[in-house]
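Asks: Here you go, one structure.
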């Protein structure tokens, strides 16, 4: 029997009751639910393990420990920020989907067995697609379908892997697994899809920019970080994760330079950030895992902040194309300022959250992974481009687009303000974050060498931007689509399938024309031999056949009763 | 002054260049605790950041020739 409700469930139950809540009370209700859910989590013991035997299988629906807590906390924070930011939403379906999505992501974080994890994993997939479809455009519909197929596919792999793992070991416990068998390999792949590993990544850049203004903020927080948590739980110290993570940090930055849709730039940027966390999981030491958790925590806040700022721009101007924007600092000074805080945080400037969070993984990589370290350093300069410079520069400065719009609505400014404040608080007072990490740490982020080298890296990169802009070398923002891996399933696969179908059709036509001639010959032969004068030589109509069947049945019944 | 005007941009650029020069000189003033030999070079992080940034943008610009398609390429 379950004594305590799993964490996050207050949000899911709250979604079920949402239609009954009158419109006037909706805002208070939507902001109150994450607070209630957080209070519920706080009320649970810090080492609670709740077991349940279900059809003879031991399940652990709730397992509270330091690793799940740090993700649980920041997920609640993200749910609260998104609730405030999304107060303009009037669509009940979208509000409910957001609550179920956040609630099941939190529940997944506290799942102690693979089946509970699977249930919550699929719930996040199904609920979140409504945040994409909520845009109600043709494009969002197609994008959402692709997203759903891939997310559900990840869940199916997780279930299949869990079943195989159960057969192998007799256990469904979600503990350190490691890639040791086909079962654990499938689970690893399932996590890899949601964590947007290279070549499995495109659902992210495809779907997130198509979601609603408020939906993208929620999406940015949960799915991928749930996958990072799951990797840290099940596959810490798996060596292959180090090169996978390093590749993830590097390749999206090239796309981020070229991309015109600023929310898609942020999606590539998100992918690049996940790479740092994956490297941390791959290294797997206490320092590295602390780094993954710290980076995830700080990242959820500043990434939400950046998506909120770009969402506000889209909300007010109706476009998010860099080529159509610029000079918005005049109309939206608050949004511009908050965005700059987010940019400084993600670029990891001293006194901002990224600086104190990113250092763990960088240090862990420097000890024993030299190539990875220099790739991460390259990627850090890349972050400076796409999120540090490109996002604020092309939206708010660059060339005046002539657009004069209203500042973001008050609730958006409050959400962005809280997020910006948190970025600075964590940056200035890192102990607040370090106290939440899964392993105790006495790391001191502020020493001269760290501050000076980081400032050198970032400011010289910014100088590079200045030089390239002044010489006219920096590639202009243009309306375009850049081919990425999704080309293989959006263009190549349909084209190949189309070719296959046409080839099959031709074969069928060729065969059937041959076969048809055979049938015609047989029919002619039959009619030639037919003797129409006899009873059974006639070709019958259906009615005649039915009559005969009735007569036979009647005869059978009579004989039955007579006998 | 307009924050998106040319004059402001020029000033920011020179201010940035001055910061960079100061940061380069700062490298001579403190004790390093490097993991790698190259980190001992004065201004290594600055040079690496500049080279990485410029290399990244030039490479991306080159990639655009192969990757760029019309905005409605996928027909939605």
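The values are calculated or read from the model by the stated rules, or taken from the named source; none is laboratory data. Model, not experiment: these values are computed from the prediction. Neighbour counts run over all protein chains shown; Cβ positions are idealised from the backbone, glycine included.
Asks: Identify all residues within segment A:157-189 that are farther than 17 Å from residue A:58 by Cβ, surrounded by fewer than 16 Cβ atoms within 10 Å (Cβ to Cβ) and touching a residue at least 24 places away in the same chain (Cβ under 8 Å); write none if there are none.
Replies: Answer for segment A:157-189, where residues must be farther than 17 Å from residue A:58 by Cβ, surrounded by fewer than 16 Cβ atoms within 10 Å (Cβ to Cβ) and touching a residue at least 24 places away in the same chain (Cβ under 8 Å): A:176, A:178.
Asks: Please state which one of A:132, A:106, A:84, A:126 is free of Cβ contacts under 8 Å to residues at least 60 places away in the same chain and out of contact with any strand residue (DSSP E or B) (no Cβ under 7 Å at 6 or more places or on another chain).
Replies: Numbers: A:132 fails: free of Cβ contacts under 8 Å to residues at least 60 places away in the same chain; A:106 fails: free of Cβ contacts under 8 Å to residues at least 60 places away in the same chain; A:84 fails: free of Cβ contacts under 8 Å to residues at least 60 places away in the same chain.
Just one listed residue meets the conditions, A:126.
Asks: Kindly evaluate residue A:344 against the criterion of being out of contact with any helix residue (DSSP H, G or I) (no Cβ under 6 Å at 6 or more places or on another chain), at pLDDT 95 or above, in a helix (DSSP H, G or I) and buried (at least 22 other Cβ atoms within 10 Å of the Cβ).
Replies: Taking the combined requirement at face value, the residue satisfies it.
Asks: So, in segment B:32-58, of the ones that are at the interface with another protein chain (Cβ under 7 Å from one of its Cβ atoms) and loosely packed, with under 13 Cβ neighbours inside 10 Å, which residue ends up nearest to the chain's Cα centre (by Cα)?
Replies: B:36
Asks: Hey, residue B:74 hits all of (1) within 30 Å of residue A:484 (Cβ to Cβ); (2) assigned to a loop (DSSP other than H, G, I, E, B); (3) more than 7 Å from chain A (Cβ to nearest Cβ) but one; which does it fall short on?
Replies: Single failed check for residue B:74: (3).
Asks: Please find, among B:19, B:24, the residue that is surrounded by 12 or more Cβ atoms within 10 Å (Cβ to Cβ) and more than 7 Å from chain A (Cβ to nearest Cβ). Even if it seems obvious, please write down each step before you answer.
Replies: Values: B:19 fails: more than 7 Å from chain A (Cβ to nearest Cβ).
One residue alone meets the criteria, B:24.
Asks: Is it the case that segment A:23-34 has a residue that's farther than 30 Å from residue A:169 by Cα, in a loop (DSSP other than H, G, I, E, B) and at pLDDT 95 or above?
Replies: no
Asks: Any idea which of (1) surrounded by fewer than 22 Cβ atoms within 10 Å (Cβ to Cβ); (2) away from chain B (no Cβ under 14 Å) is the one residue A:138 doesn't satisfy?
Replies: Against the list (1) surrounded by fewer than 22 Cβ atoms within 10 Å (Cβ to Cβ); (2) away from chain B (no Cβ under 14 Å), residue A:138 comes up short only on (2).
Asks: Then there is this: crowded, with 23+ Cβ neighbours inside 10 Å, at pLDDT 95 or above and within 14 Å of another protein chain (Cβ to nearest Cβ) - does that describe any residue in segment A:110-131?
Replies: There is no residue in segment A:110-131 that is crowded, with 23+ Cβ neighbours inside 10 Å, at pLDDT 95 or above and within 14 Å of another protein chain (Cβ to nearest Cβ).
Asks: Mind checking which residues of segment A:49-95 are at pLDDT below 90 and assigned to a loop (DSSP other than H, G, I, E, B)?
Replies: A:55, A:56
Asks: Looking at segment B:13-24, is at least one residue within 22 Å of the chain's Cα centre (by Cα) and assigned to a loop (DSSP other than H, G, I, E, B)?
Replies: No: segment B:13-24 contains no residue that is within 22 Å of the chain's Cα centre (by Cα) and assigned to a loop (DSSP other than H, G, I, E, B).
Asks: With the checklist (1) outside any loop (DSSP other than H, G, I, E, B); (2) more than 7 Å from chain A (Cβ to nearest Cβ); (3) surrounded by 13 or more Cβ atoms within 10 Å (Cβ to Cβ) in hand, flag the one item residue B:7 doesn't pass.
Replies: The one condition residue B:7 does not meet is (3).
Asks: Tell me which of these residue B:26 doesn't satisfy, since it passes every other one: (1) at pLDDT 90 or above; (2) under 24 Å from residue A:393 (Cα atoms).
Replies: (2)
Asks: Within segment A:466-474, can one find any residue that is at the interface with another protein chain (Cβ under 7 Å from one of its Cβ atoms) and in contact (Cβ under 8 Å) with a residue 40 or more places away in the chain?
Replies: no
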